[in-house]
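K.L.:
Shown below is the structure under consideration.
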Amino acid sequence: QVQLVESGGGLVQPGGSLRLSCVAAGGFLSLYAMRWYRQAPGQQRDLVAAVTTGNITTYADSVKGRFTISRDNAKNTVSLQMNDLKPEDTADYYCNVGAQTTSGMFGNFWGQGTRVTVAS
């Protein structure tokens, strides 16, 4: 099993910044694509950003130019730098990581979520 621990959420004013981090731990051999999703109350969980093993990045149109996803393979982490935050960015943010476990299983694993609130 792979455990993903997220941190960095909080309350910020519009125009402010936050940096989310997600650290992978447990019995895995390799980590593959890393992603951030978000889910606002009463809405579906949507992909915010993704980064491949080759550091190719993808962003939702709503966050392009404001958010940056990055990974540190040596530290088994994925981060999301969020700048110029808007009220519509308010949501619970979840990291999602593809991995091969030490038992030979491939799968996607989810973090526990961290809350981001953008309000004045």
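The values are calculated or read from the model by the stated rules, or taken from the named source; none is laboratory data. Please read all numbers here as calculations on a predicted model, not as lab measurements. As a convention, Cβ positions derive from the backbone with ideal geometry for all residues, glycine included, and neighbour counts pool all protein chains shown. The protein model used for the area step is the full one, side chains on, heavy atoms only, and it has no ligands, DNA or RNA in it. Shrake-Rupley method; radii C 1.70, N 1.55, O 1.52, S 1.80 Å.
K.L.:
Using 7 Å Cα-to-Cβ label points, what is the Ala119/Thr68 separation (nm, one decimal)?
P.N.:
The answer from the label model is 3.0 nm.
K.L.:
Further question: Which stretch or stretches of region 52-91 have amide N atoms under 13 Å from the point lying 7 Å from Gln39's Cα along the Cα→Cβ direction?
P.N.:
91, by backbone N distance to the label point.
K.L.:
Here's another thing I want to ask about it. By accessible area of protein heavy atoms, probe 1.4 Å, what ranking do Thr102, Thr57 get, highest first?
P.N.:
Solvent-accessible surface, decreasing: Thr102, Thr57.
K.L.:
Shifting gears a bit: With every protein chain left in place, what is the accessible area per residue of the chain in square angstrom, probe 1.4 Å?
P.N.:
Values: 6190 Å² over 120 residues.
Here the residues of the chain average 52 Å² of exposed surface.
K.L.:
What ranking of Ser79, Ser21 comes out by heavy-atom accessible area, probe 1.4 Å, highest first?
P.N.:
The ranking, largest first, comes out as Ser21, Ser79.
K.L.:
Ordering Thr58, Thr77, Thr52 by accessible area with a probe of 1.4 Å, largest first, what comes out?
P.N.:
Thr58, Thr52, Thr77
K.L.:
So, one more: How many nm is it between the label spots at Trp110 and Thr57, if each spot is 7 Å from the Cα in line with the beta carbon?
P.N.:
Between Trp110 and Thr57, the label points sit 2.5 nm apart.
K.L.:
With a 1.4 Å probe and all protein chains kept in place, how much accessible area does Ile56 have, in Å² rounded to the nearest 10?
P.N.:
Number for this one is 110 Å².
K.L.:
Between Gln43, Gln100, Gln13, find the one with the highest GNM mean-square fluctuation for the chain; connect C-alpha pairs within less than 10 Å.
P.N.:
Gln43
K.L.:
Right, something else. Using alpha carbon coordinates only, what is the Rg to Rh ratio of region 24-120, with Rh defined as the Kirkwood radius?
P.N.:
0.99
K.L.:
Run the accessible area of the chain with a 1.4 Å probe and give the carbon-and-sulfur part as a rounded percent. Please report the intermediate quantities before stating the final value.
P.N.:
Numbers: 3020 of 6190 Å².
Within the chain, the accessible surface is 49 percent carbon and sulfur.
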